[in-house]
Amino acid sequence: PPPPSTHRLPPSPSPHQLIKYVKKESCNPHPKKEKCCNQTWKRISFPVIILLCCGVGLAIGSIIWKQRQSSKKRNTDTTFNHHDGDDDDTSAIFQDNNEQTQERYKQLSSLIETYGMTSLHGNTAHQNLALLWISQYDDSIAVTDVLQLIEKDNEDEEEEDSNHHDQIQSFLERYALIVFYFSTNRVITQTSATTAVLTQPQTKWTHNENWMATFDSICTWYGVTCKNLYNDGNDGHNNVFQQDSVKVVTSLDLSLNNLEGTMPSEINLLTHLSILNLSNNALEGRIPVDLSGLGLLETLNLEGNNLNGSIPDIFCDNGASILVDVDIECNCC
């Protein structure tokens, strides 16, 4: 027999080597195109990256647009739905989400803005808290009368009479004092808007007898003095007035009463006020610039507070007695 051959055959290629060879040949059919795969990837990757960036940009833009639309809706239309976990949203204060409460809020806010009080901004504003409390809980004669008046005006437009103006004035004075209550109670301003804040508003005032009573006239509230609009008699400090009488606030004396906070501009709605005494409290901030509605004011005492700003010249022109701290600018003090 012939001697065994000493020449070995080349080993068979493994499957891995075959796959690698096929890939190489498919991308490099010719020796001159060694970078075929890299060039192909570069041509494909650029438009893919552009498309991905555009998609991400559109998604982000859509989210931002939705958030802005939602924010605009909250600012233009009061939301009464409950929001869990949002302590700063006063919509959570409402015990029941009913149409009547919403309608009352819209009607009264429109009336207030008609008379120049447009400070219903933000859910935590004192003005907004006051109107929310009125819409939900206040069943006083002043509120029910003005709501009936609004309904009547919506049904048929008739010429306004004196009763029309008197009913509106009674409501505006009540609204002004409720705003004042929320503005000068540091306990309320530092508490999140919950149901308890408005159903039972807490206070650090020394005296707050009858304040925020849902059925009582504001003329029964501590420190508030009223008179009958159509006679010269003063009905005193804490009288309960008959339903058909027209009463206006002539004096607000809350001196030495532990008031904390700021003076709201809504005090300008007390157009029949002749005495305003807020001395020896802890009020701070600027005195409201526009107090032109207090043209009948005879006595103004703001001593013993941390207020700043200036006293309007209208009080000087009327010869009012004015007592203020030295930090406040006054041309006739």
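In the range 103-115, what residues are open to solvent by less than 50 Å² (accessible area, probe 1.4 Å) and at pLDDT below 85?
Filtering the range 103-115 for residues open to solvent by less than 50 Å² (accessible area, probe 1.4 Å) gives 104-105, 107-109, 111-112.
Scanning the range 103-115 gives no hits.
Among ILE311, ILE328, which is out of contact with any Gly (no Cβ under 9 Å at 6 or more places or on another chain) and not aromatic (Phe, Trp, Tyr)? Working first, answer last.
Numbers: ILE328 fails: out of contact with any Gly (no Cβ under 9 Å at 6 or more places or on another chain).
ILE311 is the lone residue from the list that is out of contact with any Gly (no Cβ under 9 Å at 6 or more places or on another chain) and not aromatic (Phe, Trp, Tyr).
Restricting attention to the range 278-294, which residues are open to solvent by less than 30 Å² (accessible area, probe 1.4 Å), part of a loop (DSSP other than H, G, I, E, B) and modelled with pLDDT under 95?
Filtering the range 278-294 down to residues open to solvent by less than 30 Å² (accessible area, probe 1.4 Å) leaves 278-279, 281, 283, 285, 287-288, 291, 293-294.
Add one more test, that the residue is part of a loop (DSSP other than H, G, I, E, B), and what stays is 278-279, 281, 287-288, 291, 293-294.
Passing the criteria: ILE287, PRO288, LEU291, GLY293, LEU294.
With GLU209, GLU173 as the choices, which residue is part of a loop (DSSP other than H, G, I, E, B) and either open to solvent by less than 60 Å² (accessible area, probe 1.4 Å) or at pLDDT 90 or above (or both)?
On the way: GLU173 fails: part of a loop (DSSP other than H, G, I, E, B).
When all the criteria are applied, what remains is GLU209.
Counting only residues that are open to solvent by 30 Å² or more (accessible area, probe 1.4 Å) and aliphatic (A, V, I, L, M), which one in the range 221-245 is modelled with the highest pLDDT?
LEU229
Per-residue answers, yes or no, for (1) modelled with pLDDT of 95 or more; (2) under 28 Å from the mean Cα position of the chain (by Cα); (3) of a type in the set (Val, Ile, Thr):
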| position | (1), (2), (3) |
| --- | --- |
| SER251 | yes, no, no |
| SER255 | yes, no, no |
| PRO264 | no, yes, no |
| SER274 | yes, no, no |
| ASN305 | yes, yes, no |
| LEU323 | no, no, no |
| GLU329 | no, no, no |
| CYS332 | no, no, no |
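Give the number of residues within the range 131-145 that are more than 10 Å from ARG104 (Cβ to Cβ), touching a helix residue (DSSP H, G or I) at 6+ places or on another chain (Cβ under 6 Å) and either without any contact (Cβ under 8 Å) to a residue 60 or more places away in the chain or open to solvent by 10 Å² or more (accessible area, probe 1.4 Å) (or both).
2
I need the full set of residues from the range 256-277 which are part of a loop (DSSP other than H, G, I, E, B), of a type in the set (A, V, I, L, M, F, W, C), open to solvent by less than 10 Å² (accessible area, probe 1.4 Å) and farther than 21 Å from GLU113 by Cα, in order please.
Of everything in the range 256-277, those that are part of a loop (DSSP other than H, G, I, E, B), of a type in the set (A, V, I, L, M, F, W, C), open to solvent by less than 10 Å² (accessible area, probe 1.4 Å) and farther than 21 Å from GLU113 by Cα turn out to be LEU259, LEU273.
Exactly one condition in (1) modelled with pLDDT under 65; (2) open to solvent by 30 Å² or more (accessible area, probe 1.4 Å) is false for LEU198; which is it?
(2)
The values are calculated or read from the model by the stated rules, or taken from the named source; none is laboratory data. What you see is a predicted model, and the numbers here were worked out from it, not measured in a lab. Glycine also receives a Cβ, built like all others from the backbone with ideal geometry; neighbour counts cover every protein chain displayed. Remember, those area values only see protein heavy atoms, side chains included, never the ligands or the DNA or RNA. Shrake-Rupley method; radii C 1.70, N 1.55, O 1.52, S 1.80 Å.
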